[in-house]
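Below: the structure, in structure tokens.
The values are calculated or read from the model by the stated rules, or taken from the named source; none is laboratory data. From a predicted model like this one, the values you see are computed outputs, not experimental measurements. Every residue, glycine among them, receives a Cβ derived from its backbone with ideal geometry; neighbour counts consider all protein chains shown. The protein model used for the area step is the full one, side chains on, heavy atoms only, and it has no ligands, DNA or RNA in it. Shrake-Rupley method; radii C 1.70, N 1.55, O 1.52, S 1.80 Å.
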Amino acid sequence: MDPWLIWLITAAVLAVAEIFTLTAALGMLAGAALVTAGFAAVGLPPLFQFLVFTIVATVSVLFVRPVVRRHVLQPQTERFGVDALVGRTAYVVSEVTGLGGRVRIGGEEWTARAYDETLVIPPGATVDVIEISGATALVHPRE
């Protein structure tokens, strides 16, 4: 079997293994094996093939993998669902106390409770959504 074909098969096996592990390291090694397959196809001796593989693999794992991991592991910047409601402005529809009430958040009516249970917030007041607990907004009046 030709050496370039062995390197190509090695690259394919490493690429498939990368799909299952998602570590980025095996993908870098697959890339190194693919580059080495190209050099082997040109007729580079086996000793130099291993040298090319070692150099490309080392450079990619040491320099490319950290950049890839940094981009993959970035924290989520957008908030979705009820998390997106926290911090928004709401308007009191019916009196809000520590026990209950109703507010309008962005066109939707929500059950609400005062974040500070001693407060009584009258209808028409503007409040901030501090937290969402289940289907209830915990609100505090704007200062």
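For region 60-70, the criterion of being open to solvent by 50 Å² or more (accessible area, probe 1.4 Å), without any contact (Cβ under 8 Å) to a residue 40 or more places away in the chain and closer than 30 Å to A135 by Cβ is met by none of the residues.
Being modelled with pLDDT of 90 or more and either surrounded by 13 or more Cβ atoms within 10 Å (Cβ to Cβ) or acidic (D, E) (or both) is a property that holds for V56. Please tell me if A24 is within 30 Å of L73 (Cα to Cα) and either open to solvent by 70 Å² or more (accessible area, probe 1.4 Å) or modelled with pLDDT under 90 (or both). When the stated conditions are applied, A24 passes them. (1) open to solvent by less than 60 Å² (accessible area, probe 1.4 Å); (2) part of a helix (DSSP H, G or I); (3) touching a residue at least 24 places away in the same chain (Cβ under 8 Å): which one isn't true of E18, the others all being true? Of everything listed in (1) open to solvent by less than 60 Å² (accessible area, probe 1.4 Å); (2) part of a helix (DSSP H, G or I); (3) touching a residue at least 24 places away in the same chain (Cβ under 8 Å), E18 misses just condition (3).
For P3, the conditions (1) over 20 Å from V64 (Cα atoms); (2) open to solvent by 70 Å² or more (accessible area, probe 1.4 Å) are fulfilled apart from (2).
Could you grab me the full set of residues in region 71-96 that are exposed (fewer than 14 other Cβ atoms within 10 Å of the Cβ) and in a helix (DSSP H, G or I)? Of everything in region 71-96, those that are exposed (fewer than 14 other Cβ atoms within 10 Å of the Cβ) and in a helix (DSSP H, G or I) turn out to be H71, V72, G81, D83, A84.
Within region 36-53, identify whether any single residue is closer than 30 Å to L73 by Cβ and open to solvent by 50 Å² or more (accessible area, probe 1.4 Å), and answer yes or no. Taking every residue of region 36-53 in turn, none turns out to be closer than 30 Å to L73 by Cβ and open to solvent by 50 Å² or more (accessible area, probe 1.4 Å). Taking region 97-139 only, how many residues are in a strand (DSSP E or B) and either open to solvent by 60 Å² or more (accessible area, probe 1.4 Å) or under 26 Å from R79 (Cα atoms) (or both)? Looking only at that region, the number is 23.
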